[in-house]
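Scroll down for the structure; my scribbles are underneath it.
Derivation of every value follows stated rules applied to the coordinates shown; laboratory data play no part. Given the structure is predicted, the values throughout are model-derived calculations rather than measurements. All Cβ positions, glycine included, derive from the backbone under ideal geometry; neighbour counts span all protein chains shown.
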């Protein structure tokens with residue numbers, strides 16, 4: 001079972017074995033939402049299933065059964081499980097997720113599968129670029145057919161933190177907030193997406209791209225561990241709650257901490273977009 005990262009070579013071996021396997025292409029462009037579908041149709045790993053951030057991995061804005069707020073609210077666990085069943089995923093399958101945007105979007109599906117109790121899910125290290133560079137099989141078009149299943153809900157194996165919890169634990173040692181947004185957004189110097197600039201008071205900043213090397217692969221575990229320990233400066237890794245703008249690009253930090261041997265930490269899925277929607281919540285800048 002692969003539960004964090006999987007290499008191209010490991011995925012190739014897995015694909016030729018008899019183990020049940022499902023690969024998901026999560027490519028997406030935040031400023032051009034239709035681009036990810038076009039990218040998938042142009043080229044994807046052979047047999048991959050399309051997973052679109054807006055259609056499959058988020059609830060509709062204002063949905064009564066959404067599990068979080070923010071720009072990309074989580075769907076209910078029940079609705080997400082229905083989609084998993086519709087594409088034929090079963091609890092016994094190894095899931096592999098990838099994108100072509102530096103792990104920015106596929107981490108969302110990695111986390112959501114853990115959220116419905118599916119431990120056997122891993123991110124393809126290096127993404128589609130690494131797969132193509134290895135000369136592995138790709139295809140174009142959108143002709144994947146599915147044999148629907150009934151995906152059963154079981155207890156989550158990852159933690160979701162609500163806004164109220166973040167508020168109630170501000171400035172307490174039992175909570176360390178890590179913000180994955182780019183540093184200018186964290187400081188409040190720019191804000192291209194949300195109505196308020198700044199960050200949650202007391203939050204630490206680690207832009208999610210810092211987890212990758214120049215080739216787009218996750219840094220070695222010992223390097224990630226040293227970097228996170230330096231950031232935490234003695235704070236308990238178990239106290240960490242990750243967030244970003246809308247609960248998507250925070251997940252690479254969560255994965256990196258797990259790869260580094262620092263445990264599985266929590267996600268504040270509503271993130272800055274939910275936090276700043278209420279003017280009563282405090283905002284820090286600088």
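At 0.36 nm per residue, and after removing the present C-alpha to C-alpha distance, how many nm does the segment from residue 119 to residue 239 gain when stretched out fully? It would help to have the intermediate numbers written out before the result.
Details: separation 120, 0.36 × 120 = 43.20 nm, distance 2.17 nm.
Additional length available on full extension: 41.0 nm.
Could you calculate the contour length gain from residue 32 to residue 283, that is, 0.36 nm times the residue separation minus the distance between their Cα atoms, to one decimal place in nm?
Working: separation 251, 0.36 × 251 = 90.36 nm, distance 2.89 nm.
That works out to 87.5 nm of additional length.
Tell me, how many Å apart are the Cα centres for segment 1-69 and for segment 250-266?
Comparing the Cα centres of segment 1-69 and segment 250-266, I get a distance of 19 Å.
Where does each of 98-111, 18-31 land if you order them by average Cβ count within 10 Å, highest first? Could the numbers behind the result be given before it?
Values: 98-111: 25.9, 18-31: 19.1.
Packing proxy ranking, top to bottom: 98-111, 18-31.
Calculate the FRET efficiency for residue 65 and residue 183 from the Cβ-Cβ distance with a Förster distance of 35 Å, rounded to the nearest 0.05. Before the final figure, lay out each step's value.
On the way: r = 35 Å, r/R0 = 1.01.
FRET efficiency, residue 65 to residue 183: 0.50.
Take every Cα pair under 8 Å in the chain that's 6+ residues apart, average their separations, divide by the length, and report that relative contact order as a whole percent. Could the numbers behind the result be given before it?
Numbers: 592 pairs, mean separation 60.5, N = 286.
Relative contact order here is 21 percent.
Which of 13, 194, 54 moves the most in a Gaussian network model of the chain with Cα springs under 10 Å?
13
Take every Cα pair under 8 Å in segment 159-275 that's 6+ residues apart, average their separations, divide by the length, and report that relative contact order as a whole percent. Write down the numbers at each step before the final one.
Numbers: 206 pairs, mean separation 38.5, N = 117.
Once divided by the residue count of segment 159-275, the mean separation gives 33 percent.
Can you tell which of 170, 254, 128 shows the greatest fluctuation in a Gaussian network model of the chain with Cα springs below 10 Å?
So, out of 170, 254, 128, the one fluctuating most is 170.
What is the distance, in nm, between label points placed 7 Å from the Cα along the Cα-to-Cβ direction at residue 223 and at residue 54?
With each label placed 7 Å out from Cα toward Cβ, I get 3.5 nm.
Please work out the C-alpha center-to-center distance from segment 94-125 to segment 165-220 and express it in whole Å.
If we compute the Cα centre of each part, the gap is 20 Å.
Identify which of 237, 207, 195 has the largest mean-square fluctuation in a Gaussian network model of the chain, with springs joining Cα atoms closer than 10 Å.
Highest fluctuation among the options: 195.
For the chain, what is the Kirkwood estimate of the hydrodynamic radius, computed as the reciprocal of the mean inverse distance between distinct Cα atoms, to one decimal in Å? Spell out each step's value before the answer.
Working: mean 1/r = 0.0522 Å⁻¹.
One over the average 1/r among Cα pairs gives 19.2 Å for the chain.
What ranking of 114, 219 emerges when the number of other C-beta atoms within 10 Å of each C-beta is taken as an exposure proxy, fewest first?
Numbers: 114 21, 219 17.
By the 10 Å Cβ count, ascending: 219, 114.
Please label the shape of segment 159-275 as rounded, prolate or oblate, based on the square roots a ≥ b ≥ c of the eigenvalues of the alpha-carbon gyration tensor (a/c under 1.5 means rounded; beyond that, a/b larger than b/c means prolate, else oblate). Mind dumping the intermediate values first?
Details: a/c = 1.78, a/b = 1.23, b/c = 1.45.
It comes out oblate by the Cα gyration axes.
Rounded to the nearest 500 deg cm²/dmol, what is the calculated helix-only ellipticity per residue at 222 nm for the chain, with -39500 (n - 2.57) per DSSP H run of length n ≥ 4?
-7500 deg cm²/dmol
Pop a pseudo-label 7 angstrom from the Cα along the beta-carbon direction at both residue 140 and residue 165 and give the gap in nm to one decimal.
4.6 nm
In percent, what relative contact order does segment 5-139 have, based on Cα pairs under 8 Å that are 6 or more apart in sequence?
Working: 209 pairs, mean separation 44.0, N = 135.
Across segment 5-139, relative contact order equals 33 percent.
What is the order of 243, 56, 44, fewest Cβ neighbours within 10 Å to most?
Details: 243 30, 56 21, 44 25.
Listing 243, 56, 44 from fewest to most nearby Cβ atoms yields 56, 44, 243.
Share of antiparallel DSSP beta bridges in the chain, in percent to the nearest 5? Mind showing how you got there, number by number?
Numbers: 4 of 26 bridges.
Counting DSSP beta bridges with both partners in the chain, the antiparallel share is about 15 percent.
In what sequence do 164, 119, 42 fall when counting other Cβ within 10 Å, fewest first?
On the way: 164 8, 119 14, 42 11.
By the 10 Å Cβ count, ascending: 164, 42, 119.
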